[in-house]
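The values are calculated or read from the model by the stated rules, or taken from the named source; none is laboratory data. Predicted model only: the values in this text are computed from it and were never measured. Note that we place each Cβ from the backbone using ideal geometry, even for glycine, and neighbour counts take in every protein chain shown.
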Amino acid sequence: MKNILILITALFIGMLVSCSNRSNKNKIETAAATHADTVKFTANMVDNKRDPSCGMPASAGFEDTVHYKNKVIGFCSKECKDEFLKNPAKNITAADLKP
Ligand SMILES: [Zn+2]
């Protein structure tokens, strides 16, 4: 009887470990897929080299843009765009515009 209990406990722990491993892997794959899906603007489509709000390089791809003084400014997210629009004249210096 004692042996059966030990066996059941071992099986249960084994299940828990394999389940949590699997869900972690899925989470990572989902995050990567989500990022790839949101990239709409590549570095050559925008006039800034960096997201002025978070500093992310344009080479990583941008999700959103605004037009500011005849330049296309790219952002990694709507949140970064909103942050820029609070004070564009000040924030544009961080965008590292292409010459
Ligand atoms: Zn950003």
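Restricting to the stretch 40-93, what's the tally of residues that are in a helix (DSSP H, G or I), within 10 Å of the ligand (Cβ to nearest atom) and within 14 Å of the chain's Cα centre (by Cα)?
If we filter the stretch 40-93 for residues that are in a helix (DSSP H, G or I), which is where we start, we get 43-45, 58-60, 78-86, 88-93.
Remaining after also requiring within 10 Å of the ligand (Cβ to nearest atom): 60, 78-81, 83-84.
Keeping just the survivors that are within 14 Å of the chain's Cα centre (by Cα) gives 60, 78-80.
Matching residues across the stretch 40-93 total 4.
Taken over the stretch 31-66, the residue count meeting the criterion of being of a type in the set (D, E, K, R) and at pLDDT below 95 is 2. Lys90 meets all of the listed conditions (1) over 14 Å from Val46 (Cβ atoms); (2) surrounded by 14 or more Cβ atoms within 10 Å (Cβ to Cβ) but one, namely (2). Could you list, in sequence order, all residues of the stretch 67-84 that are exposed (fewer than 14 other Cβ atoms within 10 Å of the Cβ) and either of a type in the set (Gly, Ala, Ser) or over 13 Å from Val39 (Cα atoms) (or both)? Within the stretch 67-84, His67, Lys69, Asn70, Glu79, Asp82 meet the criteria.
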